[in-house]
Amino acid sequence: MNLVYFHQHFSTPSGGTGTRSYEFAKKLVERGHQVTIVCGSFDVGNTGLSSQFSDGRRQGSVDGINVVEYELHYSNKLSFLQRAKQFLKFSIKCCKEVNRIKPDLVFCTSTPLTISLPGIYAKLFKRIPFVFEVRDLWPELPKAMGVITNPVILTLMKVLEVVSYKLANHVVALSEGMAKGVKEYVSEDKVSVISNGCDLYLAERPEKETFPLPAEVKQGDFVAIYGGTIGLANGVDALLGVAKALEDKGAARIKLLVVGNGMLKPSIESEAQKQNLKNLIFLDNCPKTALFSLYEQCDVGLMLLKDIPAFYDGTSPNKFFDYISIGLPVICNYSGWVNRLIGEANIGQVVPAGESELFADKLIEMSENSDRLTLNSVNAKKLAENSFSRESLSSEFVKIIEEFS
């Protein structure tokens with residue numbers, strides 16, 4: 001099968017963001033399919049291409065995948081209007097790629113929601129089937145966050161959302177909460193759930209480079225790490241209160257390490273400096289392989305989000321799966337399926353949103369109970385291997401795609 005895979009924020013493991021599309025595309029190639037990934041230039045990603053752009057486009061083979069990258073730069077730091085402009089430009093480019101490639105199947109993975117446009121174009125004008133992957137429920141999430149308030153824009157996005165679900169031959173959702181939202185508009189048999197997964201090979205690779213912890217972390221420190229975007233939705237500012245509470249409690253050996261970039265990083269880092277919070281440490285975004293090296297040297301993974309109900313079951317955060325791939329115990333400050341799973345699998349601690357004192361207490365408790373932490377770690381690794389192996393999830397994905405061959 002000749003398949004075109006549209007993902008604006010595609011990256012290989014050499015980048016510092018999720019690699020779901022890379023892993024799924026590799027699996028399709030292994031099965032003998034011809035796969036072309038069409039993407040933009042993501043500031044924390046790495047497409048694997050290094051040649052010069054020609055008229056804003058470059059192309060090459062990356063691990064058997066044909067990658068087409070457009071010189072359309074995207075960053076979490078862009079304003080809403082700047083993002084919207086890039087999203088629409090990319091969708092138009094993708095429609096042109098449908099004409100150029102003439103695929104047997106089009107696969108579109110969000111975000112943004114506008115990525116469904118080339119799929120709709122392929123279906124209506126070229127009679128090519130398309131599969132739509134939902135990574136976030138739009139416009140529900142930006143509406144809940146207050147990022148988009150214009151009723152006209154919200155209505156147009158809602159129309160595009162519903163049309164995308166109805167015209168897609170199949171819809172893949174990353175969580176049960178997302179699937180529930182999709183099933184409001186299409187039949188249940190048209191929707192599959194394939195969560196994000198654990199790249200166990202990165203945790204188990206025989207030759208690992210060591211990416212050193214920052215100098216502020218001393219031997220014997222207990223390190224809780226957050227690895228990901230520092231944007232409006234991520235709630236990383238909650239660590240300011242946690243860091244202050246830890247200092248007030250005299251827990252000097254507990255360090256909070258934040259690795260990543262994003263719109264809110266400068267303001268949070270500035271506030272930490274203003275409050276002289278020595279236990280809150282920041283590093284820039286780094287390749288996924290380096291991030292895994294950092295995880296292996298830490299004690300706890302931090303799951304943080306803004307306390308918005310739409311997030312509770314409507315997200316599937318990459319960082320959670322990366323943490324448990326390493327066997328890293330987790331502490332979570334928001335409700336939802338991740339919160340419930342942490343308790344059911346006994347892989348860490350949960351605290352209510354906004355409870356900085358309790359969050360600090362839980363970290364202190366974890367730092368003082370090595371036996372329980374070891375059990376959490378063992379359980380996390382088992383959960384990764386038994387329930388979220390990327391290998392098994394990739395096989396589920398390929399099975400869905402091959403129904404159209």
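The table that follows gives values for the structure above.
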| item | result |
| --- | --- |
| Accessible area of region 1-104 belonging to carbon and sulfur atoms, whole % at 1.4 Å probe | 46 |
| Extension reserve of the Asp63-Lys190 stretch, reckoned as 0.36 nm per residue once the Cα distance is removed | 42.6 nm |
| Kirkwood Rh in Å, taken over the chain so that all alpha-carbon pairs contribute | 21.9 |
| GNM result for the chain, Cα springs below 10 Å: residue of Val44, Val159, Val182 fluctuating most strongly | Val159 |
| Cut-off 15 Å between beta-carbons: net charge of the residues surrounding Val159, Lys and Arg +1, Asp and Glu -1 | 0 |
| Considering only the chain, percent of DSSP beta bridges that pair antiparallel, nearest 5 | 15 |
| Global geometry of region 257-370, whether rounded, prolate or oblate, following the gyration tensor of its Cα atoms and the 1.5 cut on a/c | rounded |
| Theoretical gain in end-to-end length, Phe125 to Gln297 [0.36 nm per residue, Cα-Cα removed] | 56.7 nm |
| Fluctuation leader among Leu294, Leu78, Leu232 - the chain, Gaussian network, Cα springs under 10 angstrom | Leu78 |
| Modelled FRET efficiency - R0 41 Å, Gln219 with Ser54, Cβ distances, 0.05 increments | 0.20 |
| Computed E for Arg100/Asp284 - FRET, C-beta separation, R0 51 angstrom, nearest 0.05 | 0.90 |
| Listed residue (Thr109, Asn318, Gly260) projecting farthest to the positive dipole end of the chain, Cβ model | Thr109 |
| Spacing of the two label points (7 Å from each Cα toward its C-beta) at Ser392 and Glu209, in nm | 3.2 |
| Most mobile listed residue (Val186, Val171, Val223) in the chain, GNM with C-alpha springs under 10 Å | Val186 |
| Accessible area of region 207-332 divided out per residue, in Å², using a probe of 1.4 angstrom | 37 |
| Sulfur and carbon atoms: percent of accessible area, region 333-405 [1.4 Å] | 47 |
| Amide H contacts of Glu133 (H built 1.01 Å from N, under 5 Å, at least 5 apart or other chain) | Cys108, Thr109, Ser110, Val172 |
| Built amide H within the under 5 Å cut-off of Tyr226, gap 5+ | Leu257, Val258, Val259, Leu302 |
| GluC sites (Glu not before Pro) within region 129-201: DSSP coil, no more than 11 neighbouring Cβ in 10 Å | Glu184 |
| Local net charge near Ser41, Cβ-Cβ under 10 Å (Lys/Arg +1, Asp/Glu -1) | -2 |
| Relative contact order [Cα under 8 Å, 6+ residues apart], the chain, whole percent | 15 |
| Distance (nanometres) between label positions extended 7 Å along Cα→Cβ at Ser270 and Lys382 | 4.8 |
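The values are calculated or read from the model by the stated rules, or taken from the named source; none is laboratory data. Note that the structure is predicted; figures quoted are calculated from it, not measured. When we count neighbours, we look across all protein chains shown, and the Cβ atoms used for this are built from the backbone with ideal geometry, even at glycine. In case anyone asks, the SASA skips ligands and DNA or RNA and just uses the protein heavy atoms, side chains included. Shrake-Rupley method; radii C 1.70, N 1.55, O 1.52, S 1.80 Å.
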